[in-house]
Amino acid sequence: MIYLTRREVFSASHRIYNPELSDEENFKLYGKCSNPNGHGHNYEIEVTVAGEVNPETGYVIDLNHLKEIIREYVIEKLDHKNLNVDVDFLKGKIPTAENILIAIWEQLKDKIPDGKLYSIKLYETENNYVEYRGE
């Protein structure tokens, strides 16, 4: 089994808060991440596809095709956006790194034509990242 990974970057803002809680409760739970005006990150995403090497192409998946898929279904929808307001597939979700990552998985899971989506990592800062391997 080969594991092939493509890395992309995007910048986005968000406010982490639960609308069912008061501002005081949100601050107690999420700290400065619940600032009413939000805050931003320069995110990095790593998408890993697992599979066997196709003997005709020598690829698990063509990296240019994987790049196009990630850019169309993820980067174009998230880059320079407010994750609370501008992103349809995040509507109604608290935009924590965990929830963003699960939503990205849902965007990509049926779009990989060769191999199988194995994992996605989302780096929110240089020190913090989350990884998801599906359901």
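The values are calculated or read from the model by the stated rules, or taken from the named source; none is laboratory data. Computed from a predicted model, the values in this text were never measured in an experiment. Cβ sites come from the backbone with ideal geometry, for glycine too, and all protein chains shown count toward neighbours.
Tabulated results
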| item | result |
| --- | --- |
| Enumerated helices (runs of 4 or more DSSP H) restricted to the stretch 22-135, each holding at least 3 residues that are at pLDDT 95 or above and under 19 Å from the mean Cα position of the chain (by Cα) | 63-70, 97-108 |
| For Val49: the one exception among (1) among the aliphatic types (A, V, I, L, M); (2) touching a Leu at 6+ places or on another chain (Cβ under 9 Å); (3) closer than 22 Å to Ala12 by Cβ | (3) |
| Filter result (surrounded by fewer than 12 Cβ atoms within 10 Å (Cβ to Cβ), more than 17 Å from His39 (Cα to Cα) and charged (D, E, K, R)) within the stretch 1-27 | Glu20, Glu24 |
| The stretch 7-21 - residue that is outside any strand (DSSP E or B) and of a type outside the set (D, E, K, R) and, of those, nearest to the chain's Cα centre (by Cα) | Ile16 |
| Residue in the stretch 75-85 that is more than 22 Å from Glu126 (Cα to Cα) and crowded, with 17+ Cβ neighbours inside 10 Å present | yes |
| Residues satisfying the stated conditions in the stretch 107-135, i.e. within 20 Å of Asn84 (Cα to Cα), out of contact with any helix residue (DSSP H, G or I) (no Cβ under 7 Å at 6 or more places or on another chain) and either acidic (Asp, Glu) or crowded, with 16+ Cβ neighbours inside 10 Å (or both) | Tyr123, Tyr129 |
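Results for (1) in contact with a Phe, Trp or Tyr (Cβ under 7 Å, 6 or more places away or on another chain); (2) in contact (Cβ under 8 Å) with a residue 12 or more places away in the chain; (3) among the acidic types (Asp, Glu), shown as yes or no for each residue.
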residue: Asn26; (1), (2), (3): yes, no, no
residue: Leu29; (1), (2), (3): no, no, no
residue: Tyr43; (1), (2), (3): yes, yes, no
residue: Val49; (1), (2), (3): yes, yes, no
residue: Val60; (1), (2), (3): no, yes, no
residue: His65; (1), (2), (3): no, yes, no
residue: Ile70; (1), (2), (3): no, yes, no
residue: Asn84; (1), (2), (3): no, yes, no
residue: Asp88; (1), (2), (3): no, no, yes
